[in-house]
Amino acid sequence: MKENIYIESYGCQMNFADSEVIAAILTQAGYALCDTVEEADFVLINTCAIRDNAEQRVRHRVRELRAAQNRRHTLRIGILGCMAERLQHRLMEEEENVSFVCGPDAYRRLPNLLALVRQGQRGAEVELSTVETYDDIDPVRLSGNGISAYISIMRGCQNFCAYCVVPYTRGRERSRNPETIIREARTLLENGYREVTLLGQNVNSYRWQGPNGTTAVDFPDLMARVAELHPQLRVRFATSHPKDLSDKLLQVMAAHDNICRCIHLPVQSGSDRMLQLMNRKYSVSWYLDRVDAIRRYLPDCSITTDVIAGFSTETDDDHRATLDLFRRVRYDYAYMFKYSLREGTFASRHLPDDIPDDIKTARLNEIIALQGELALENNRSEIGRTYEVLVEGTSHRSKERLFGRNSQNKVLVFDKGDAVPGTYRQVRVTDCTAATLLGELLPQ
Ligand code: 5AD
Ligand code: SF4
């Protein structure tokens with residue numbers, strides 16, 4: 001009988017993509033995947049360390065799993081990903097029911113680790129690598145709808161934004177061989193997928209230098225090659241660091257209709273003083289110039305962002321500058337966070353975490369409220385427009401309705417009519433909320 005693995009994932013898209021690599025490594029080693037904790041011999045939790053609340057959620061989950069372990073003493077728990085890398089052995093000392101930890105560059109060692117754990121030992125594999133990209137591994141698509149999939153194109157980050165733990169948990173930046181990326185995209189296409197999202201912490205610095213002087217492949221080159229596989233395959237990407245967003249990329253996007261009109265461009269703050277303290281390496285005016293360039297090359301492109309409220313020494317004026325920037329750019333979507341001090345980062349060593357929590361919360365709430373208003377206004381201006389939508393599945397609210405996304409990554413919900421998931425259909429927007437566009441399916 002094969003032993004069963006249950007994988008649970010937290011955090012960013014990269015982590016969900018990693019879980020698919022982990023699933024591939026373990027199924028190749030003879031394990032089976034299962035859908036519930038009850039059937040599992042091993043529960044693997046792929047974790048995020050970016051903010052303290054992400055870690056607290058995982059801690060809570062680990063403690064919750066004690067009940068299942070009391071019912072079945074053979075059940076073993078392993079912590080993978082960024083929290084494993086950050087805390088290493090400490091995690092096993094603090095959480096006694098955890099049998100092993102394994103960092104993001106050590107997943108090939110999971111079969112050994114599991115064998116060790118099966119013999120009653122505990123173990124940690126947390127070495128980071130400068131070369132590991134798992135490029136020869138065909139991910140097992142886990143929670144997929146069979147329509148859209150992630151492809152990891154690079155790993156790590158070396159931007160060292162002052163607040164961010166990622167360079168310490170995911171190591172040096174390295175790009176994956178483009179041939180293996182193209183092969184993965186082609187296989188997905190052949191298996192009926194219609195959308196791929198190329199993933200990296202900073203995709204704009206993707207660069208592959210082949211052996212003996214062959215020309216280098218940069219991110220725009222890679223995007224063009226993936227887009228040219230088939231006009232019916234949509235291509236998305238995340239995340240872009242504003243400092244590296246090139247006109248060349250925007251030109252390649254403009255030249256390919258199937259590269260989606262959506263750019264995630266994390267700004268973090270609208271104040272130059274904050275951006276400098278954060279070590280973001282751009283100013284507000286540089287950022288706005290990039291936004292103008294996007295609008296120039298791609299007038300119908302949506303722009304989304306990440307922002308942090310209450311970073312070290314942030315004043316009311318700095319905060320107001322962020323609100324002003326939001327009003328100027330009018331983001332289609334924003335991920336909004338309170339600053340959370342992360343041990344080991346530059347900020348934790350040199351910059352005070354001096355904004356009281358109630359002020360952080362108040363500022364965050366102001367940003368959320370403003371963004372809510374702007375998103376609703378943006379969505380209202382969509383009423384009457386018609387979009388090509390890739391139909392993804394049944395709406396969560398009603399079985400009679402389907403949902404899909406347009407190129408701008410906005411969700412449209414509409415009466416299902418004769419539409420089928422996995423196909424492209426024209427949908428006219430008739431109404432909206434701040435989060436969703438409601439529409440009617442047009443005849444084929
Ligand atoms: N505190 C709050 N938010 C953070 N992010 C990264 N590190 C922190 C932190 N210490 C946010 C940034 C980043 C997103 C993935 O998470 O906005 O773009
Ligand atoms: Fe963190 Fe900055 Fe790297 Fe993004 S670019 S992962 S925020 S260090």
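The values are calculated or read from the model by the stated rules, or taken from the named source; none is laboratory data. Predicted model only: the values in this text are computed from it and were never measured. Neighbour counts run over all protein chains shown; Cβ positions are idealised from the backbone, glycine included. Remember, those area values only see protein heavy atoms, side chains included, never the ligands or the DNA or RNA. Shrake-Rupley method; radii C 1.70, N 1.55, O 1.52, S 1.80 Å.
Structure above, values below:
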quantity: Sole exception among (1) under 20 Å from the mean Cα position of the chain (by Cα); (2) open to solvent by 10 Å² or more (accessible area, probe 1.4 Å); (3) under 25 Å from Pro266 (Cα atoms) for Asn202, by number; calculated: (2)
quantity: Top-ranked residue of region 205-246 - restricted to ones that are within 20 Å of Cys262 (Cβ to Cβ) and hydroxyl-bearing (Ser, Thr, Tyr), ranked as surrounded by the fewest Cβ atoms within 10 Å (Cβ to Cβ); calculated: Ser246
quantity: All positions within region 12-31 that are of a type in the set (A, V, I, L, M) and open to solvent by 30 Å² or more (accessible area, probe 1.4 Å); calculated: Ala29
quantity: Residue ranges of helices (runs of 4 or more DSSP H) in region 278-395 with at least 3 members within 16 Å of ligand 2 (Cβ to nearest atom); calculated: 284-297, 346-350
quantity: Top-ranked residue of region 165-174 - restricted to ones that are touching a residue at least 40 places away in the same chain (Cβ under 8 Å) and open to solvent by 20 Å² or more (accessible area, probe 1.4 Å), ranked as nearest to ligand 2 (Cβ to nearest atom); calculated: Tyr168
quantity: Residue in region 221-235 that is on the phi < 0 side of the Ramachandran plot and within 16 Å of ligand 1 (Cβ to nearest atom) present; calculated: no
quantity: Filter pass, Ser283 being under 18 Å from Met154 (Cβ atoms), away from ligand 1 (no atom under 14 Å from the Cβ), polar (S, T, N, Q) and open to solvent by less than 50 Å² (accessible area, probe 1.4 Å); calculated: no
quantity: Arg118, sole failed condition from (1) more than 24 Å from Ser240 (Cα to Cα); (2) at pLDDT 95 or above; calculated: (2)
quantity: Test: residue in region 136-154 that is within 16 Å of ligand 2 (Cβ to nearest atom), of a type in the set (S, T, N, Q) and open to solvent by 50 Å² or more (accessible area, probe 1.4 Å); calculated: no
quantity: Residue identified as farther than 15 Å from Asn15 by Cβ and open to solvent by less than 20 Å² (accessible area, probe 1.4 Å) among Leu87, Leu116, Leu128, Leu44; calculated: Leu87
quantity: Residue tally, condition in a helix (DSSP H, G or I) and of a type in the set (Ser, Thr, Tyr), over region 85-121; calculated: 1
quantity: Number of positions in region 236-249 that are of a type outside the set (Ser, Thr, Tyr), touching a Pro at 6+ places or on another chain (Cβ under 9 Å) and more than 16 Å from ligand 1 (Cβ to nearest atom); calculated: 2
quantity: Residues of region 247-277 classified as buried (at least 20 other Cβ atoms within 10 Å of the Cβ), in a helix (DSSP H, G or I) and within 16 Å of ligand 2 (Cβ to nearest atom), total; calculated: 3
